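So the structure is just underneath, and the comments pick up after that.
The values are calculated or read from the model by the stated rules, or taken from the named source; none is laboratory data. The shown structure was predicted, so the numbers you read here are calculated from the model rather than taken from an experiment. Every residue, glycine among them, receives a Cβ derived from its backbone with ideal geometry; neighbour counts consider all protein chains shown. When the accessible area is computed, the model is the full protein with side chains, heavy atoms only, and any ligands, DNA or RNA have been set aside. Shrake-Rupley method; radii C 1.70, N 1.55, O 1.52, S 1.80 Å.
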Amino acid sequence: MSLNRRSVLTGAVASAAAATLPVRAWAEAQPIKLGILTPLTGAGGNDGPRMLKAMQAVLEEVNKSGGVLGRHVDTVVEDDQTNPEAAVRAARKLIEVDKVPIIMGTWASAVTSAVAPVCWESKTFLMTVSGADSITQLPHQGFLVRTQPTTKLQVTAHATYIAGLGKRRIGILGIQAPFAVATKEHMDAYLKTVGGSVVSQVIYEKDKPTYRSEIDQVVEGKPDFLYLNGYATDTVVVLRDLWKAGVDLPKFCQTYAVPQPTLDANPPEVSEGILTATPSADVDSTAYKLAADRLGLTDVDGFAAQATDWASLAVLTIAKAKDASGVAFKDNIRKISQGDGQKVYSAVEGLKLLAAGKDINYEGASGPCDFNEIGDITTCRFRFTQVKNRKLEFLKLV
């Protein structure tokens, strides 16, 4: 399979086959096309390729087992470039030109916020990893679910951990993004229950060569702990500027903000000791073990686990609905992801039971895929790590 930066159509059907079938039979045998819109470049470029690989691995397994409803499943892949404008252009192509009924893979909350209206207005279903509370509060009419925990779930888990270290005066330094204001609100709400508070918050613009003035502002509040709320491309600059300024405070950031290239870009002392957290895959589950085997990995990160679940949920929903439309996804996804059906841990397993007329409940590699009425998952575990000598070392799973 070939892959370029802009667009990929996999698994094309040989034209010779079309000539041997009546028009109606051939139309019915056309592959089902699923849209993937994920960051292969930009701030999310460290995570997008892994998510893409996880989705493609599931679909390859499904196709080897006979496809869905007797049809091959193809993907059309677009790079959202971690940029809202580029993402909207790509989403319109997927919907208007490629005619996909579903888009999977958006990562940045700003990108998802921009793409979501394009999806619901065209009755195209959207699955995302973006966590900003505001996303599922949009009037998406049921055409959206996410496997990523909300900002509230994430920040409350972070605040609980930080408070457990005895820290009560938190300074937040973060990028302008849909989750920025909510982060401060949820952090402050939890800290006040244990006698603490957010003593300063500074929101900065992306792509600046230095954040020294913002650092000076956040430390004016005399915090005893810094919560860095950015992406990898800006966090590498923030960490360097904190080190140059001699700010020797304990720090926390999302794990996605310190991928290996970020840790390698600065001297080891710049990032030493930083605490990080990420929504964890369900490492004890059967689905997680199957995903690891499928990808040939020992450990599957949270984003790849969620991508595994998107692809699995997509094909199982099509099989349940016997239809591959956006409305079918909206009306049927919860019928295969929650309820009293037989628990299944892979798409292939679920497809066999659905074909036999059984009800199923898909339990994912990222955890239970139980969605509330606005499309949010209701619970999640978190993996905490710490930077030691330019490497992330596991601390605990909560």
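Summary table
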read-out	value
R0 of 22 Å, Cβ-Cβ distance Ala355-Val327: FRET efficiency to nearest 0.05	0.50
Cα centroid of segment 211-257 to Cα centroid of segment 268-342, whole Å	32
Relative intensity, log₁₀ I(q)/I(0), of segment 27-111 from a Debye sum that treats every alpha carbon as a point, q = 0.10, 0.11, 0.18, 0.23 Å⁻¹	-0.26, -0.31, -0.75, -1.04
Alpha carbon convex hull of segment 224-263, volume per residue in cubic angstrom	62
Nearest-10 value in Å² for the accessible area of Val97, using the 1.4 Å probe	100
Choice from Ala29, Ala110, Ala328 showing the highest fluctuation, given a GNM over the chain with Cα pairs closer than 10 Å	Ala29
Ranking by accessible area, most exposed first, for Lys64, Lys123 with a 1.4 Å probe	Lys64, Lys123
Largest-first ellipsoid semi-axes for segment 113-256, taking √(5λ) over the Cα gyration tensor eigenvalues, angstrom	30, 19, 11
More than 20 angstrom apart: percent of Cα pairs within segment 55-193	55
DSSP beta bridges in segment 24-104 [antiparallel fraction, %, rounded to 5]	10
Candidate lysines for bridging to Lys251, where Cα separation is under 16 Å - those fewer than 8 sequence places away on the same chain excluded	Lys167, Lys184, Lys222, Lys388, Lys391
Order of exposure, largest accessible area first, which applies to Trp310, Trp243, Trp120 with probe 1.4 Å	Trp243, Trp120, Trp310
Accessible surface of Arg89 - all protein chains present, 1.4 Å probe, nearest 10 Å²	150
Computed over the chain: relative contact order in percent, which uses C-alpha pairs under 8 Å that are six or more apart	16
Accessible surface, 1.4 Å probe, highest first, among residues Val77, Val247	Val247, Val77
Theoretical FRET efficiency, 1/(1+(r/R0)^6), r = Cβ-Cβ of Leu165 and Thr41, R0 25 Å, to 0.05	0.10
Table column - 3J(HN,Hα) (Hz), segment 82-93, Karplus curve with 6.51, -1.76, 1.60, x for Gly and Pro	6, 9, x, 5, 4, 5, 5, 4, 5, 5, 4, 5
Accessible area in square angstrom per residue, the chain, 1.4 angstrom probe	41
DSSP-defined antiparallel bridges as percent of all bridges, the chain, nearest 5	30
Angstrom value of the Kirkwood radius, inverse mean 1/r, which spans all Cα pairs in segment 110-170	13.0
Anchor Lys330: aspartates and glutamates whose Cα lies under 15 Å away (excluding residues fewer than 8 positions away in-chain)	Glu121, Asp370, Glu373, Asp376
Over 30 Å between alpha carbons, listed pairs Lys53/Lys244; Lys343/Lys396; Lys33/Lys206; Lys99/Lys335; Lys93/Lys352	Lys53/Lys244; Lys33/Lys206; Lys93/Lys352
Proximal charge balance of Leu354 [Cβ under 12 Å; K/R count +1, D/E count -1]	+3
Inter-centroid distance (Cα atoms) of segment 354-398 relative to segment 101-134, Å	19
Set of aspartates and glutamates with alpha-carbon distance to Lys358 below 15 Å, sequence-local pairs under 8 removed	Asp340, Glu349
Mean separation of Cα contacts under 8 Å (6+ apart) over length of segment 106-175, as relative contact order %	27
Fraction of accessible area attributable to carbon and sulfur, the chain (%, probe 1.4 Å)	51
Translational diffusion of segment 256-398, µm² s⁻¹ [Kirkwood Rh, Cα pairs; Stokes-Einstein; 4 °C; 1.567 mPa s]	78
